Each structure stands twice: as structure tokens, then as C-alpha cells.
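Reviewing the structure listed below.
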Amino acid sequence: MSYQLYGIDPALIERVKFKLRNPAIKERLIMLLQSVTKADLQNRMKVTQLIGIASGILGENLTNFQANQILEFILSQKIDPSNTFHLIKLWTMFR
């Protein structure tokens with residue numbers, strides 16, 4: 001998994017995936033990310049803010065190191081939320 005190359009703990013990913021099975025939490029995250037653009041996902045400050053809000057919704061206390069690892073991963077992926085191929089790529093990465 002490419003997220004592991006950035007030092008992101010697979011146990012963290014599994015906890016988040018488990019928590020996303022809760023429809024209420026999933027809906028809150030969908031609403032948070034609904035208006036996010038490609039430019040937002042390349043902006044360090046915006047991504048840092050989104051990581052903080054998302055970790056609060058999920059109830060995950062991230063260290064600064066973990067948040068920085070996630071930030072670097074997101075920035076390096078150059079995600080375009082309006083590009084279906086990018087979304088499928090992410091979906092397969094975290095299945």
C-alpha cells in the first residue's frame with residue numbers, strides 16, 4: 001500500500017475504516033468534503049485544517065507527526081475529487 005510508504009500506520013487506517021461503517025460519521029465526513037476542490041487538496045493550510053476536523057469527527061487523536069505524514073501523503077497524491085479515475089485509485093488503495 002502506498003500510504004505505508006509515508007509511514008502511516010495500517011492500524012490507524014483499519015480503525016478509520018471501521019469507524020466509517022457508522023452512517024452518521026460517514027455522512028458528517030461526506031458533508032465536510034463535499035465542496036473540496038483539487039486546489040484545496042494542494043493547499044497545505046487547507047489540508048491541515050481538513051485533517052484536524054476529520055480527526056475530530058472520527059475521534060482519533062493524531063500526533064503532529066501522524067498528521068504531517070497524512071498531509072504529505074495527500075499532497076503527493078495530487079487528488080482531483082472531480083476525476084473519477086483518482087477516486088477509484090484511492091478506493092482501491094484503502095479497500
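The values are calculated or read from the model by the stated rules, or taken from the named source; none is laboratory data. Given the structure is predicted, the values throughout are model-derived calculations rather than measurements. Accessible surface areas use protein heavy atoms only, side chains included; no ligands, DNA or RNA. Shrake-Rupley method; radii C 1.70, N 1.55, O 1.52, S 1.80 Å.
Using only helices, what value at 222 nm comes out for the chain when you add -39,500 (n - 2.57) per DSSP H run of length 4 or more and divide by the total residues, to the nearest 500 deg cm²/dmol?
That comes out to -20000 deg cm²/dmol.
Go through ARG21, ARG28 and list them by solvent-accessible area, largest first, probe radius 1.4 Å.
Listed by decreasing accessible area, they come as ARG21, ARG28.
What does the accessible area of THR37 come to, in Å² to the nearest 10, when a probe of 1.4 Å is used?
Taking all protein chains as shown, THR37 has close to 60 Å².
Give the long-range amide H neighbours of LEU62: residues separated by 5 or more places, or on another chain, with amide H under 5 Å away, using H modelled in the peptide plane at 1.01 Å from N.
The list, which skips near neighbours in sequence, is empty: none.
Test of understanding: what is the full-extension gain from PHE65 to LEU5, defined as 0.36 nm times their sequence separation minus their Cα-Cα distance?
Between PHE65 and LEU5, full extension yields an extra 20.1 nm.
So for the chain, if I pair up every lysine 8 or more residues apart or on another chain, how many of those pairs have alpha-carbons under 19 Å apart?
Value for the chain: 7.
Expressed as a rounded percentage, what relative contact order does the chain have, with Cα pairs under 8 Å and six or more residues apart?
36
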